[in-house]
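Shown next, in structure tokens, is the structure this report addresses.
The values are calculated or read from the model by the stated rules, or taken from the named source; none is laboratory data. Nothing here was measured: the structure is a model prediction, and the numbers come from that model. Positions of Cβ are backbone-derived with ideal geometry, glycine not excepted, and every protein chain shown enters the neighbour counts. What goes into the accessible areas is simple: the full protein's heavy atoms, side chains included, and nothing from ligands, DNA or RNA. Shrake-Rupley method; radii C 1.70, N 1.55, O 1.52, S 1.80 Å.
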Amino acid sequence: MEVIAVTHRKLCNEDFFKRIERLYKSGVSEIILREKDLSDEEYYSLAKKCFEICGDKLCINSRIEIAKDLDINKIQLSIKSFT
């Protein structure tokens, strides 16, 4: 069974990066970084730190260029992206 975690840092009651590390260590299949309220620069910084923690389990939400820049090969896109 696959378990996919989706982030929402404003709902996190602990240090966000500690939570990412706990998720990674728990054995989840994937962590989707879904933080829609951030600018590209802020998202890039957050994604970079998360990638350092969980590596290939990190999936970028919608921001293809950031995924490419960080050499992250998982991206989650909405159906609107394909129309």
Could you check Ser81 against (1) open to solvent by 100 Å² or more (accessible area, probe 1.4 Å); (2) modelled with pLDDT under 95 and say which number it fails? (1)
Filtering the stretch 1-33 down to residues that are more than 14 Å from the chain's Cα centre (by Cα) and polar (S, T, N, Q), which residue is most open to solvent (accessible area, probe 1.4 Å)? Asn13
Among the residues in the stretch 53-61, are any farther than 21 Å from Val28 by Cα and surrounded by fewer than 16 Cβ atoms within 10 Å (Cβ to Cβ)? no
Quick check on my filter: what residues within the stretch 39-83 are in a helix (DSSP H, G or I), farther than 22 Å from Val3 by Cβ and among the β-branched types (Val, Ile, Thr)? Ile64, Ile66, Ile79
Of (1) open to solvent by 40 Å² or more (accessible area, probe 1.4 Å); (2) part of a helix (DSSP H, G or I); (3) in contact with a strand residue (DSSP E or B) (Cβ under 9 Å, 6 or more places away or on another chain), Lys36 satisfies every one except (2)
